[in-house]
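Please read the structure below before turning to the comments.
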Amino acid sequence: MVTIYNDENFQAVYNQKKKILGVFWGVTIFYIAFCLAWLVYYTCLPYNDSMQVLPKACVFVASGLYVIFLFPFMGIKYGRVRRYYKMMYYLSEGIKNEEINYFLCFEKKDLQKDFVDVMSCVFTTWNKKKNEWMEREVYFDLEKQKPEFEQGDLVKYVVQSNFIVQYEIVKKHAIEFEYEDEAEEETAEEPQGQETEQEQENENE
């Protein structure tokens, strides 16, 4: 099976998170030292000295630059890396489920799962209780190479928290789908396959 995530991916995200925190603390310590230096300078000036404006102005400017640095760097960049790291941690530690279904289509739209950008992979599966075909939606990380799924492929995949972490194309074009055009929109109907219902149940088992 194709493995989407491995230990190297997790370590790379961890190192990136650690590096960003290192930059943050470096800038923060420099900012604090800068302000303290001007504070010492300010307290050493004579009363009503004309140079008192200089340390105040420098601290105000430095504070503004520090806030501007914090928002994009920590609020956006670090926030995305931290959420991705959290997702990777859950994927490595969480309970995984294996499924085998027929691939229907990709849905490329603005989607996020656990604050991570993903694409939707739609599969169709036979529901024994309802005696009908139903859609099964799982998610694939947009940071990874898109799998070469084609409509009708029989795919075995492993999911954790609805993320695909492993997959294998068992059979290419194992089934064909029929559509009816209603109101200029294509709606998937019950797939008419080359395999019988008994064969489908045997493969799922």
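The values are calculated or read from the model by the stated rules, or taken from the named source; none is laboratory data. Keep in mind that this is a model prediction, so the values were computed, not measured. With ideal geometry, Cβ positions are generated from the backbone for all residues, glycine too; neighbour counts draw on all protein chains shown.
In summary, strands (runs of 3 or more DSSP E) completely within segment 122-205 and bearing 1 or more residues that are in the same structural domain as Leu104 (by TED's automatic domain parsing) and at pLDDT below 50 occur at 179-182, 185-188.
Being over 29 Å from Asn15 (Cα atoms), in contact (Cβ under 8 Å) with a residue 60 or more places away in the chain and touching a helix residue (DSSP H, G or I) at 6+ places or on another chain (Cβ under 8 Å) narrows it down to one residue among Val170, Val165; which is it?
Numbers: Val165 fails: over 29 Å from Asn15 (Cα atoms).
Residue meeting the stated conditions: Val170.
Taking segment 66-92 as the range and being under 30 Å from Thr43 (Cβ atoms) and surrounded by 12 or more Cβ atoms within 10 Å (Cβ to Cβ) as the test, the residues that pass are Tyr66, Phe69, Leu70. Does Tyr47 qualify as being hydroxyl-bearing (Ser, Thr, Tyr), assigned to a helix (DSSP H, G or I), in the same structural domain as Lys86 (by TED's automatic domain parsing) and modelled with pLDDT under 90? So Tyr47 does not fit the description; no. Selection over segment 137-164 of residues that are over 15 Å from Phe103 (Cα atoms) and surrounded by 20 or more Cβ atoms within 10 Å (Cβ to Cβ) gives a count of 2. Pairs meeting the criteria (first residue in segment 59-85 and free of Cβ contacts under 8 Å to residues at least 40 places away in the same chain, second residue in a helix (DSSP H, G or I), beta carbons under 6 Å, at least 6 apart or on different chains) are Val59/Cys35; Val59/Trp38; Ala62/Phe34; Tyr66/Tyr31.
For segment 89-121, filtering for residues that are at pLDDT below 80 and in a helix (DSSP H, G or I) leaves 4.
Only one entry in Val53, Val13, Val59 is assigned to a helix (DSSP H, G or I) and exposed (fewer than 13 other Cβ atoms within 10 Å of the Cβ), namely Val53.
Just one of the listed residues (Tyr31, Tyr78) is within 30 Å of Ile164 (Cα to Cα) and within 37 Å of the chain's Cα centre (by Cα), namely Tyr78.
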